[in-house]
Amino acid sequence: MKYIALLTTLFFINFSQKTDKLNGRYNYLIEDDNSYIQKDKITFKDSVFVFDNKYMPKGKVSYGNAILLENFINTSLVITIPKDQIEKDTIEFYMHDKNSSAANYLDEVTGKGKLIKIK
């Protein structure tokens, strides 16, 4: 009887956990002089993202303490998204340059923007 109760409890705990991954289509906007300019549309599927513009490269999404979008527009630009933003329809993000003079390029923000979910 103990094992049945334990298995049932573990099943419900596992079933109720949400995935903290980006999925779906988003418009991405870049902040420029205190206003946002829409650039393109992005489609996320688990750990890969693709721009609607076919000439833009595919990118990789890394999930950790913060969500990192690597290979965003070019190979030296990295986007970070705080974990608490993942559930929202409007997600704020920060841009970082890998070629930065800072010791850790993630400490220096070179720009910011928003991802707005397309429903």
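Details
Matching residues to (1) out of contact with any Lys or Arg (no Cβ under 8 Å at 6 or more places or on another chain); (2) of a type outside the set (D, E, K, R); (3) on the phi > 0 side of the Ramachandran plot:
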position: Thr43; (1), (2), (3): no, yes, no
position: Phe49; (1), (2), (3): no, yes, no
position: Phe72; (1), (2), (3): yes, yes, no
position: Thr75; (1), (2), (3): no, yes, no
position: Phe93; (1), (2), (3): no, yes, no
position: Lys98; (1), (2), (3): yes, no, no
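- Matching residues in segment 92-119 - criterion: being part of a helix (DSSP H, G or I) and of a type outside the set (Asp, Glu): Tyr105, Leu106
- Of all the residues in segment 60-91, those that are assigned to a loop (DSSP other than H, G, I, E, B) and open to solvent by less than 60 Å² (accessible area, probe 1.4 Å) number 5.
- Total residues in segment 19-38, condition on the phi < 0 side of the Ramachandran plot, free of Cβ contacts under 8 Å to residues at least 12 places away in the same chain and not β-branched (Val, Ile, Thr): 3
- Whichever residue in segment 26-59 is surrounded by 14 or more Cβ atoms within 10 Å (Cβ to Cβ) and basic (Lys, Arg) and, among such residues, is nearest to Lys112 (Cα to Cα): Lys39
- Scanning segment 56-96 for residues that are without any contact (Cβ under 8 Å) to a residue 24 or more places away in the chain, of a type in the set (Ser, Thr, Tyr) and within 23 Å of Asp32 (Cα to Cα) turns up Thr75, Ser76, Tyr94.
The values are calculated or read from the model by the stated rules, or taken from the named source; none is laboratory data. All of these numbers come straight from a predicted model, not from anything done at the bench. Quick reminder, even Gly has a Cβ in these numbers, built from the backbone with ideal geometry, and neighbours come from all protein chains shown. What goes into the accessible areas is simple: the full protein's heavy atoms, side chains included, and nothing from ligands, DNA or RNA. Shrake-Rupley method; radii C 1.70, N 1.55, O 1.52, S 1.80 Å.
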